[in-house]
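Written out below as structure tokens is the structure these notes cover.
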There are 2 protein chains.
Amino acid sequence: MARDVRRVMVQATLSDVADLAGVSRQTVSNAMNNPDLLKPDTLQRVRDAVAVLGYSPNRAARNLRTRTSRLIGLRFTPAQEGTANAMMDRFVHSLVEECRVAGYHVLLFPGDGVDPLAGYDDLLRATAVDAFVVTDTYLGNPQAAWLEERGAPFVAFGRPWDAPDATHPWVDVDGAAGARMATEHLLERGHTRIAWIGWRKESPIGEDRRSGWLSAMHAHNLSTSGLASRVEDTVNSGAEAAAVLLDEAAPTAFVCASDTLAMGVLHTLWIRQLAPGADVAVVGFDDSQVAQVVPVGLTSVRQPLEDVAVEIVKRLQGRLGVPPVVEPGKLLSPSLTIRGSSGPGDWIS
Amino acid sequence: MARDVRRVMVQATLSDVADLAGVSRQTVSNAMNNPDLLKPDTLQRVRDAVAVLGYSPNRAARNLRTRTSRLIGLRFTPAQEGTANAMMDRFVHSLVEECRVAGYHVLLFPGDGVDPLAGYDDLLRATAVDAFVVTDTYLGNPQAAWLEERGAPFVAFGRPWDAPDATHPWVDVDGAAGARMATEHLLERGHTRIAWIGWRKESPIGEDRRSGWLSAMHAHNLSTSGLASRVEDTVNSGAEAAAVLLDEAAPTAFVCASDTLAMGVLHTLWIRQLAPGADVAVVGFDDSQVAQVVPVGLTSVRQPLEDVAVEIVKRLQGRLGVPPVVEPGKLLSPSLTIRGSSGPGDWIS
DNA sequence: CGGTAGCCTTGGATCGTTCAAGCGGTGGGA
DNA sequence: TCCCACCGCTTGAACGATCCAAGGCTACCG
């Protein structure tokens, strides 16, 4: 058969559909974009032709004419060791799904090690994306300010810690509330000597989470002196910090700024033959894979990443609409996933 | 200032550059795409103009003219529970980076729960991507066959298990070699009763990995009877299988088809007060986050995902080149990341 | 039966780039 | 001397969609 000779299928164009349906190109365009402008039977005829030819508007042509790409840029940073990027994975999934609902696709671009702005600049100048989702605002890096100054639409996942008066839209998770929730959960289970293992002071996120532990303790008139430690975000550091705290302050529970640190605590407990949950309680942060599969299960603060994605896309749509709507920043509350490490119970969730 | 009034910057076009450099549009186009066609000083003049105006070719226009998008579609499947998608995360990072080198970007699209082909079809008909990277070929799902029949360029991560004579390009990791490597590592450390915990027979990947364990055991004239178990890929199943095997066959070591199953084994050891590495050795598969952070560290087979990405992009370029080059499938060898669970040693790698 | 308002439809222009053909000028071989 | 190939650049025409302004049809009214 002749049609079997050429395997490469040529996509139908607007004109093809128009010819088949016996109307003009503009009518087909209206059928796609403003169906109410057409008489019902004409609309149906066009739709039939679209179905027959398997027509779908050519993206490049549409993009060129409308000066849009319906693409959202997301910088996919090089994998950092630790559990943090398992969280990113979950977030990206949610974002991709939400973008689909809004008619957008997610474009990944790599983080240049040297210049964090390089990727953004290229995509922007080539008008390859309509907007960005910026995820690494915590370092006080210049992306948000740079994009804002340039007038490029974007929404940040993360508060502008170093510029509280920034006017760009952002969505973040209330880390203090998460740590407070974790601490109160342990208080309810009868613990009073609850230790904190967090990140170094330079991390505003770490300090934010720490403040949640602090406020929960103080709300119950409990002393926190000697019960806090600030270290690097590694398993090893967490293990060492836990050992020191156990020796010097004898806590019965730990709240950690990350699952990584919590794993360190579990390791120290394991070495000392202490049973997580029974002898000493542990709560982590991020509800990573690790928290799910480690023996007894790690109770952990879970970020509502699905909701974060929803809010981000909502703000993107506002920002990209005509006229642009800049919605304010939004803080979402995390939840607590309770497993065996914070008390008795079946360890399989 | 006047320029502060209009924040929205209008991108320079080819014509703008041409005017500034005093040449025609085509010359600028050549300067961007075929620099050798220009006289050096003309080229320099154009390049200066490009730099002054911050010009970058408009993607939509280029895409329209060249009938290309320089976009690679990747279906980002809904997060499956378990450690598998942490591996995907690593893979996507590598892929994004390799695509950058080749001048491509990665476009994510969600997996429609109902019709696995829907997303592919839409992007293809809209000519929104040049090619796909297909990652979930293991289920015997129809994407590969469908894309091939349609003449759509794609490269699969994963062998065509259910169609060994398929002609499309693919890249995969030799799971049998990985399991063999793990088994031989344990044999070297003196173990002879090495058990296997794998997936159900329906999984060709699982059977492939199992065959590696089997061949290593047989190569050393060791019996495998009663030493194998096939279960669901959950922590719980792994734990139960390990308990049964310990009771009935008294193995001194376990090789598992996944880190998830290995975590189950570790849990059973923990319950029975057996020290991983010292009393019983355990090796997992995938070298996930979990393997790194669990106490004593989990020895695990590591897939060379960076190399997989390199090979995939190489095949993509071949497939998209003129004339198209269809390279054969390629099988890559994994490596073994040795940690505490397979024997004595410091558990921090 | 003619006029007009209202609703669809039509052809043309446009977005910014690349492709194909063509320009004058120069040099080398026959 | 003539012809042709080559160089470096310019010109007009696509690519396929959407926007714009003008045209045609129906239906209604006088």
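Structure notes:
- Of all residues in region B:16-30, those satisfying the criterion of being charged (D, E, K, R) and under 43 Å from the mean Cα position of the chain (by Cα) are B:Asp16, B:Arg25.
- Selection from region B:184-202 of residues that are touching a residue at least 40 places away in the same chain (Cβ under 8 Å) and out of contact with any Leu (no Cβ under 9 Å at 6 or more places or on another chain): B:Leu186, B:Arg189, B:His191
- Annotation: of all residues in region A:249-287 being within 31 Å of the chain's Cα centre (by Cα), of a type in the set (Gly, Ala, Ser) and away from chain B (no Cβ under 12 Å), the one that is surrounded by the most Cβ atoms within 10 Å (Cβ to Cβ) is A:Ala257.
- Flag if B:Ala219 is modelled with pLDDT of 95 or more and touching a Gly at 6+ places or on another chain (Cβ under 6 Å): no
- Residues being near DNA strand C (Cβ under 6 Å from one of its atoms), part of a helix (DSSP H, G or I) and among the hydroxyl-bearing types (Ser, Thr, Tyr) - total across region A:15-52: 2
- Selection from region A:45-66 of residues that are within 35 Å of the chain's Cα centre (by Cα) and either within 7 Å of chain B (Cβ to nearest Cβ) or more than 11 Å from DNA strand D (Cβ to nearest atom) (or both): A:Ser56, A:Pro57, A:Asn58, A:Arg59, A:Ala60, A:Ala61, A:Asn63, A:Leu64
- Considering A:Thr13, A:Thr27, A:Thr42, the condition of being near DNA strand D (Cβ under 10 Å from one of its atoms), touching a residue at least 12 places away in the same chain (Cβ under 8 Å) and away from chain B (no Cβ under 14 Å) is satisfied by A:Thr27 alone.
- Of all residues in region B:106-134 being facing chain A (nearest Cβ under 10 Å) and in contact with a Phe, Trp or Tyr (Cβ under 6 Å, 6 or more places away or on another chain), the one that is farthest from B:Arg315 (Cα to Cα): B:Gly119
- Subset tally (residues that are within 11 Å of chain B (Cβ to nearest Cβ), at pLDDT 90 or above and under 30 Å from B:His267 (Cα atoms)) for region A:292-331: 3
- Those helices (runs of 4 or more DSSP H) of region B:217-335 in which 3 or more residues are over 30 Å from B:Ala166 (Cβ atoms) occupy B:235-249, B:259-271, B:289-293.
- Residues within region B:184-202 that are surrounded by fewer than 17 Cβ atoms within 10 Å (Cβ to Cβ) and among the β-branched types (Val, Ile, Thr), tallied: 1
- Search result, residues across region B:28-42 that are among the hydrophobic types (A, V, I, L, M, F, W, C) and surrounded by 14 or more Cβ atoms within 10 Å (Cβ to Cβ): B:Val28, B:Ala31, B:Met32, B:Leu38
- Sole residue being modelled with pLDDT of 85 or more, crowded, with 17+ Cβ neighbours inside 10 Å and charged (D, E, K, R), chosen from A:Arg25, A:Arg45: A:Arg45
- Considering residues of region B:136-179 that are surrounded by fewer than 20 Cβ atoms within 10 Å (Cβ to Cβ) and polar (S, T, N, Q) only, the residue modelled with the lowest pLDDT: B:Asn141
- Number of residues in region A:275-293 that are of a type in the set (A, V, I, L, M) and out of contact with any Leu (no Cβ under 8 Å at 6 or more places or on another chain) equals 2.
- A single member of A:Val133, A:Val173 is β-branched (Val, Ile, Thr) and under 27 Å from A:Leu64 (Cα atoms), and it is A:Val133.
- Single residue of region A:217-248 satisfying the filter (acidic (Asp, Glu) and more than 14 Å from chain B (Cβ to nearest Cβ)) that is surrounded by the most Cβ atoms within 10 Å (Cβ to Cβ): A:Glu248
The values are calculated or read from the model by the stated rules, or taken from the named source; none is laboratory data. Just so you know, these numbers come straight off a predicted model, no measurement behind them. A quick note on method: Cβ atoms are made from the backbone with ideal geometry, for glycine too, and the neighbour counts reach across all protein chains shown.
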